[in-house]
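Below is one structure. I have some questions about it.
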Amino acid sequence: MNVHAADGKALYTEKNCHTCHGADGKAPIMPLYPKLAGQNKKYMVAQMKDIKSGKRNNGMSAAMKAMVMNISDAEFEAIAEYLANVK
């Protein structure tokens with residue numbers, strides 16, 4: 001699947017990221033959920049991949065694992081690119 005950064009905003013909603021992290025990653029529904037807007041792209045991609053692989057299994061990783069299982073690496077990149085550029 002060929003995914004571009006422009007698709008990141010649509011994917012953020014399509015993959016239900018907004019349900020916990022809030023619209024545009026700015027307002028998580030719970031204080032322990034991270035704000036994603038403006039985060040470093042490489043860091044976010046690494047965290048999503050680590051949660052998917054099981055390498056990261058702390059905090060809310062168990063809940064996140066189910067959310068990221070059907071997201072491709074290209075989609076991770078697009079979502080992270082979008083979020084990194086949200087001001």
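Tell me, what is the per residue accessible area of the chain in Å², probe radius 1.4 Å? Intermediate values should be presented prior to the final figure.
On the way: 5340 Å² over 87 residues.
That works out to 61 Å² per residue.
Please report how far the C-alpha centroid of region 39-67 lies from that of region 11-33, rounded to the nearest whole angstrom.
A separation of 14 Å, based on Cα centres.
Calculate the dipole size of the chain relative to its Cα centre from +1 charges on Lys and Arg beta carbons and -1 charges on Asp and Glu beta carbons; express the result in debye to the nearest 20. Intermediate results must be reported in sequence, preceding the final value.
On the way: 12 positive and 8 negative charges, 65 e Å.
The calculated dipole for the chain is roughly 320 debye.
Separate question: Once neighbouring chains are kept in place and the probe is 1.4 Å, which whole percent of the accessible area of region 20-87 is contributed by carbon and sulfur? Don't skip to the answer; put the middle values down first.
Details: 2350 of 4050 Å².
The C+S portion of the solvent-accessible surface of region 20-87 is 58 percent.
What do you reckon, how do 65, 42, 35 stack up by accessible area (1.4 Å probe), largest on top? Working shown, then result.
On the way: 65 75, 42 165, 35 130 Å².
Largest accessible area first, the list is 42, 35, 65.
Would you list 50, 7 from the most to the least accessible area, probe 1.4 Å? Could the numbers behind the result be given before it?
On the way: 50 40, 7 60 Å².
I get 7, 50, largest accessible area first.
With a ≥ b ≥ c the root eigenvalues of the C-alpha gyration tensor of region 1-81, is it rounded (a/c under 1.5), prolate (a/b larger than b/c) or oblate?
Working: a/c = 1.56, a/b = 1.11, b/c = 1.40.
Oblate shape, in that a/c is at least 1.5 and b/c is the bigger or equal ratio.
The values are calculated or read from the model by the stated rules, or taken from the named source; none is laboratory data. Computed from a predicted model, the values in this text were never measured in an experiment. Cβ: placed from backbone, ideal geometry, glycine included. Neighbour counts: every protein chain shown. Keep in mind that these areas ignore ligands, DNA and RNA; they rest on the heavy atoms of the full protein, side chains included. Shrake-Rupley method; radii C 1.70, N 1.55, O 1.52, S 1.80 Å.
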